[in-house]
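The values are calculated or read from the model by the stated rules, or taken from the named source; none is laboratory data. Just so it is clear, the structure is predicted and the values come from calculations on it, not from any experiment. When we count neighbours, we look across all protein chains shown, and the Cβ atoms used for this are built from the backbone with ideal geometry, even at glycine.
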Amino acid sequence: MPQYPLPVIVVSSVSQNVLDALDAGAVEFVTKPSVTRPGGMTSFVNELIIKIKISSTAKVGNRKSDFVPSHPVTSQGIDTMSKIIAIGASTGGTDAIHTVISGLPRDMPPIVIVQHMPPVFTKLYAERLNNTCELEVKEAEDGDALRPGRVLIAPGNFQMRLAKRGTGYIVKCTEEEKVSGHCPSVDVLFDSVAAVAGKQSIGVILTGMGRDGANGLLKMKKTGAYTIGQDEKSSVVYGMPMVAFNIGAVEKQLPLDRIADEIIRFLSK
């Protein structure tokens, strides 16, 4: 990658090596087909074709995240109790999410994330983030409570929604059909945040192919949420953020490395 940057797709079974490859600059990955599952090979081939098409449009280069522990400056005056931060991403999102999360201090409002990933990998990814960031990061389980300093990542093959419980919030994770072509879907999460948290929320849409999350982000904005989109230059694939921006869902568009600071700035007002 440093000498001859080109889009790389990793085909692998469950392994930390996949995350290492993504850190080193791979664009996408596809899990090996299951010989015991009916239609497993057909599903694998179809997914690989889609990923090849997506990767052909990706911007690649020295996009390497070393996943070293970060120590951002502690913020001042942030209300950690009443706000919710919702983030959605797809292709290139593992690196982008890490960049944002590692730039945030421990005293942050709860954060809920959808990254398009299959089962098991979402758990491995959450564990890796947890080991390298100030915040507590875990793969979400049905009924998990949101609390300051905690990040919940939607599990693969589950739709995740925000729900109210008493004076606080929880997440509901259910096995359902794909929405906007994905499970988990960013639109499903953003729709629930708009309905439950409204103006008490911040929505962030990052790099990714397609339009998942754009309509949900627009709903969030219409309910009074503050919405942020990643800009074209810093996106590996300027799809999801572009659609969101074009339909008027993005209040502020920024380079990836300025998004964490903008979240802190907004919360500190």
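Give me the residue from region 1-24 that is within 17 Å of GLU47 (Cβ to Cβ) and in contact with a Lys or Arg (Cβ under 8 Å, 6 or more places away or on another chain) and, out of that set, modelled with the lowest pLDDT.
Here the residue is SER13.
Quick check: anything in region 192-200 more than 19 Å from ILE111 (Cα to Cα) and within 18 Å of the chain's Cα centre (by Cα)?
Filtering region 192-200 for residues more than 19 Å from ILE111 (Cα to Cα) gives none.
No, region 192-200 contains no residue that is more than 19 Å from ILE111 (Cα to Cα) and within 18 Å of the chain's Cα centre (by Cα).
For the structure I just gave you, tell me whether GLY103 is crowded, with 23+ Cβ neighbours inside 10 Å, at pLDDT 85 or above and of a type in the set (Gly, Ala, Ser).
No.
Would you be able to say whether some residue in region 160-167 is surrounded by 17 or more Cβ atoms within 10 Å (Cβ to Cβ) and either charged (D, E, K, R) or over 19 Å from PRO184 (Cα atoms) (or both)? If you could, list the steps in order and put the result at the bottom.
Restricting attention to region 160-167, the residues satisfying the condition of being surrounded by 17 or more Cβ atoms within 10 Å (Cβ to Cβ) are 160-162.
Adding the requirement that they be either charged (D, E, K, R) or over 19 Å from PRO184 (Cα atoms) (or both) leaves 161.
Scanning region 160-167, I find at least one residue that is surrounded by 17 or more Cβ atoms within 10 Å (Cβ to Cβ) and either charged (D, E, K, R) or over 19 Å from PRO184 (Cα atoms) (or both), so the answer is yes.
Looking at region 22-38, which of its residues are surrounded by 13 or more Cβ atoms within 10 Å (Cβ to Cβ) and more than 18 Å from ALA89 (Cα to Cα)?
Listed by number, the residues that qualify are ALA24, THR31, PRO33, SER34.
Quick one: how many residues across region 9-49 are in a helix (DSSP H, G or I), aliphatic (A, V, I, L, M) and either more than 24 Å from VAL236 (Cα to Cα) or out of contact with any helix residue (DSSP H, G or I) (no Cβ under 8 Å at 6 or more places or on another chain) (or both)?
Here the count works out to 6.
Here is a list of conditions, (1) part of a helix (DSSP H, G or I); (2) within 17 Å of ASP23 (Cβ to Cβ), and VAL137 meets all of them except one; can you say which number that is?
Here VAL137 meets the rest and fails (1).
List the strands (runs of 3 or more DSSP E) that sit entirely inside region 175-269 and contain at least 3 residues that are surrounded by fewer than 21 Cβ atoms within 10 Å (Cβ to Cβ). Step through it out loud before you land on a result.
Details: elements: 201-205, 226-230, 252-254.
Output list reads 252-254.
Test each condition in (1) more than 15 Å from PHE29 (Cα to Cα); (2) in contact with a Gly (Cβ under 7 Å, 6 or more places away or on another chain); (3) of a type in the set (Val, Ile, Thr) for THR122 and report the one that comes out false.
(1)
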